[in-house]
1. Quickly rank 33-43, 101-111 as a protection proxy: mean count of other C-beta atoms within 10 Å, highest first.
2. Quick check on the chain: helices-only [θ] at 222 nm, where DSSP H runs of length 4 and up contribute -39,500 (n - 2.57) each and the sum goes over total residues. Nearest 500, please.
3. How big is segment 108-250 along each principal axis, measuring the range of its Cα positions in Å and listing the largest first?
4. For Val279, what is the net charge nearby, where nearby means another residue's Cβ is under 13 Å from its Cβ and Lys, Arg count +1, Asp, Glu -1?
5. Taking the Cα atoms of the chain, what is the range of coordinates along each of the three principal axes, in descending order and whole Å?
6. Taking the Cα centre of segment 128-188 as origin, work out the dipole magnitude from +1 charges on Lys and Arg Cβ and -1 charges on Asp and Glu Cβ, in debye rounded to 20.
7. Can you put Lys128, Lys219 in order, fewest other beta carbons within 10 Å first?
8. Rounded to the nearest 10 degrees, what's the angle between the helix 45-55 long axis and the longest principal axis of the chain, both from Cα atoms, 0 to 90?
Amino acid sequence: METEQRRWLASLPWWSQWHRLLRPNTLFVGSTVTEFVPLPAQPPPGILVAELLRAGRGFPFLIIKDIPGEAVLVGNAAMDYTRDLLAACKRAGFMLVEGQALAYVPIDFDSMASFLARMSHSRRKSIKRKLKSRDELAIEAVPTGDSRFNDEALLAELYRLYRNVYDQSEIHFDLLSADFFRSVLQDATSGGVVFLYRAASELIGYNLCFESKGMLIDKYVGFAYPQARHFNLYVVSWFHNLDYALAKGLNCYVAGWTDPEIKRQLGAQFTFTQHAVYVRNPILRTLLRPLKRFFEADSRWYVRAH
């Protein structure tokens with residue numbers, strides 16, 4: 001839910017006593033470390049949904065999360081399976097809820113100048129001003145699996161910067177562990193690259209991305225505050241990633257969830273996911289159906305923005 005709505009709920013009488021009722025034990029199908037739910041090629045969607053319902057028999061809620069809404073990033077074959085899956089979910093009584101806006105930028109330009117030329121004069125001027133900070137930064141691309149990621153002090157610093165971003169964010173996904181980052185950063189087979197940003201030799205931020213199927217996928221960031229804001233690191237890293245994707249001949253930069261308005265101003269397009277929600281209690285299912293709009297903030301934002 002949006003922050004204002006959550007605050008309104010928390011202001012209601014006896015919130016501390018009854019708020020636990022809004023946190024039911026839920027079986028999720030999907031992952032917070034993938035853009036979309038990783039669906040199998042087999043079994044067919046109807047059988048898969050039936051198997052999931054059996055597996056989730058002991059849970060009041062079953063949610064298949066981050067189902068792609070269009071083929072743009074997953075391809076036609078995956079989308080054909082997805083349509084059949086959604087149809088099977090509807091037949092089984094699932095409620096479909098619009099998910100978040102996933103930002104992406106097609107690399108259909110030949111230079112940053114031509115990309116910026118698509119924007120309004122005022123936006124170009126603002127971005128160019130912020131990009132001047134790039135001249136004061138040392139930027140290094142280090143592949144995952146590099147020996148530098150065996151340095152425990154560096155790993156601890158990278159995790160601290162990740163926690164900085166996590167702790168100041170309003171929207172929280174899973175709190176990933178230091179061991180998770182150690183495993184990812186030391187994995188030479190994943191196609192990962194870490195962009196390290198230093199100012200006067202001080203590490204002030206990093207961006208962990210992955211190359212996959214012609215795309216550069218932006219996964220995790222870590223920033224030092226207030227340095228990252230001073231050097232406009234969000235904008236600098238965005239355009240550095242675009243530069244990298246262009247130089248590598250990739251066809252798309254996938255910029256992740258959250259902050260859709262900022263990403264729109266930086267030239268992103270959006271694709272939406274859907275969540276298929278099964279509420280086991282039929283009475284509760286009927287009561288909750290009209291409330292689903294309160295969990296579709298990004299889709300309402302998109303309508304307003306366009």
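Read-outs: derived from the displayed coordinates by stated rules, not from any lab. A quick note: this is a predicted structure, and the numbers were derived from the prediction, not measured. Cβ coordinates were reconstructed from backbone atoms using ideal geometry, including for glycine residues, and neighbour counts include every protein chain displayed.
1. 101-111, 33-43
2. It comes out at -11500 deg cm²/dmol, rounded to the nearest 500.
3. 45, 35, 31
4. Counting the neighbours of Val279, the net charge comes to +4.
5. 61, 48, 45
6. Roughly 480 debye, rounded to the nearest 20.
7. Fewest-to-most ranking of Lys128, Lys219: Lys128, Lys219.
8. It is inclined by approximately 80 degrees.
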